[in-house]
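Following: one structure in structure tokens, then a few remarks.
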Amino acid sequence: MTARTEAEGQTVALAGENIAGRLWLGSSLYPSPDVMAQAIRSASPGFVTVALRRQTARNIEDNGHWALLQEAVATTKARLLPNTAGCFSAKEAILMANLARELFATSWIKLEVMGDDYSLQPDPFELLDAARELVSQGFKVLPYCTEDLVLCQRLLDAGCVGVMPWGAPIGSGCGLQNLEGLKRLRQRLPQAFMVIDAGLGKPSQAMQAMELGFDAVLLNTAVAKAEQPVAMAAAFAAAVQGGRMAYDAGLMAERPQASPSTPPVGLPFWHQPEPAVPHTTLSREVNES
């Protein structure tokens with residue numbers, strides 16, 4: 001594999017466009033708009049998510065949030081990614097998406113349709129209905145979903161530019177709870193663009209997601225609620241970069257027992273190290289349809 005620069009390693013192609021980073025960041029829950037703007041600059045994310053309901057409030061009481069958000073996005077190469085947070089039906093999400101396209105002048109949309117008040121687990125039926133309609137209207141849809149293989153395949157078949165399975169419930173910080181399910185999803189859909197969205201609480205968890213071959217991670221609470229959000233944003237950016245570099249480099253094969261770095265000489269055959277477990281490398285191209 002040829003060497004690449006740091007910037008090239010973090011830029012990713014999606015739906016025919018170059019996204020400037022593999023760490024995507026939310027814009028809510030920060031102690032202040034100024035801290036939010038500093039965190040965005042510290043992370044240099046590819047996308048910054050924004051909720052329509054949060055932004056329309058600026059017409060009532062302007063605390064500088066929108067102006068600082070625009071400035072932070074402009075000084076990085078990030079793009080705005082409106083979301084349909086708070087929607088519980090396809091009809092509501094479709095309306096919210098169209099309002100967001102008018103307000104933010106972008107066809108990118110993070111599609112959220114919740115099905116449960118407590119876990120904030122997506123409603124797969126309403127989500128798929130909304131995705132089909134929004135794709136037909138020309139949106140570039142990134143649906144927030146679970147790691148369900150069949151659902152992700154249906155969303156991709158509907159024309160979504162990628163899928164965004166959760167690591168754990170929103171804001172929980174629990175990391176990759178269904179590790180085997182996420183591994184299987186990545187392996188079964190090797191050409192799909194996949195983002196781990198929600199549930200990450202530590203930079204190490206983001207690195208783990210990248211080492212598995214996911215294309216990006218999206219998080220908010222882990223940075224916004226850290227004791228030092230700006231420093232935490234930088235920590236996540238470094239973890240995402242390191243995880244992707246490790247994935248591109250090719251991780252070593254796992255072994256069931258110890259293997260000496262210096263080959264043993266003169267041992268009987270029954271003391272020789274067992275062979276390594278074959279490592280499956282995913283060879284894939286990003287879906288740009």
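The values are calculated or read from the model by the stated rules, or taken from the named source; none is laboratory data. Just so it is clear, the model here is predicted, and its values are computed rather than measured. Neighbour counts run over all protein chains shown; Cβ positions are idealised from the backbone, glycine included. Protein only, heavy atoms only, side chains kept; ligands, DNA and RNA dropped before computing areas. Shrake-Rupley method; radii C 1.70, N 1.55, O 1.52, S 1.80 Å.
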Pick from the range 129-156, criterion surrounded by fewer than 21 Cβ atoms within 10 Å (Cβ to Cβ) and hydrophobic (A, V, I, L, M, F, W, C), ranking: nearest to Trp108 (Cα to Cα) = Val135
Determine whether Glu180 is open to solvent by 30 Å² or more (accessible area, probe 1.4 Å) and under 14 Å from the mean Cα position of the chain (by Cα).
-> no
Answer with yes or no whether Val195 is assigned to a strand (DSSP E or B), modelled with pLDDT of 95 or more, among the hydrophobic types (A, V, I, L, M, F, W, C) and within 20 Å of Leu81 (Cα to Cα).
-> yes
Take Phe214 and decide whether it is crowded, with 22+ Cβ neighbours inside 10 Å, assigned to a loop (DSSP other than H, G, I, E, B), at pLDDT 70 or above and of a type in the set (A, V, I, L, M, F, W, C).
-> yes
Per-region count, the range 11-30, residues surrounded by fewer than 23 Cβ atoms within 10 Å (Cβ to Cβ) and part of a strand (DSSP E or B) | 5
Give the range 225-256 a look and list any residue that's modelled with pLDDT of 95 or more, open to solvent by less than 40 Å² (accessible area, probe 1.4 Å) and more than 16 Å from Gln208 (Cβ to Cβ), or say none.
-> Ala226, Pro229, Ala233
Can you tell me which residue in the range 31-81 is modelled with the lowest pLDDT, limited to those that are buried (at least 16 other Cβ atoms within 10 Å of the Cβ) and of a type in the set (Val, Ile, Thr)?
-> Val73
Quick one: which residue in Leu189, Leu200 is buried (at least 21 other Cβ atoms within 10 Å of the Cβ) and either of a type outside the set (S, T, N, Q) or at pLDDT below 95 (or both)?
-> Leu200
Verdict on Ile170 being modelled with pLDDT under 95 and either open to solvent by less than 20 Å² (accessible area, probe 1.4 Å) or within 13 Å of the chain's Cα centre (by Cα) (or both) = yes
How many of the residues in the range 202-234 are closer than 13 Å to Leu25 by Cα and small (Gly, Ala, Ser)?
-> 6
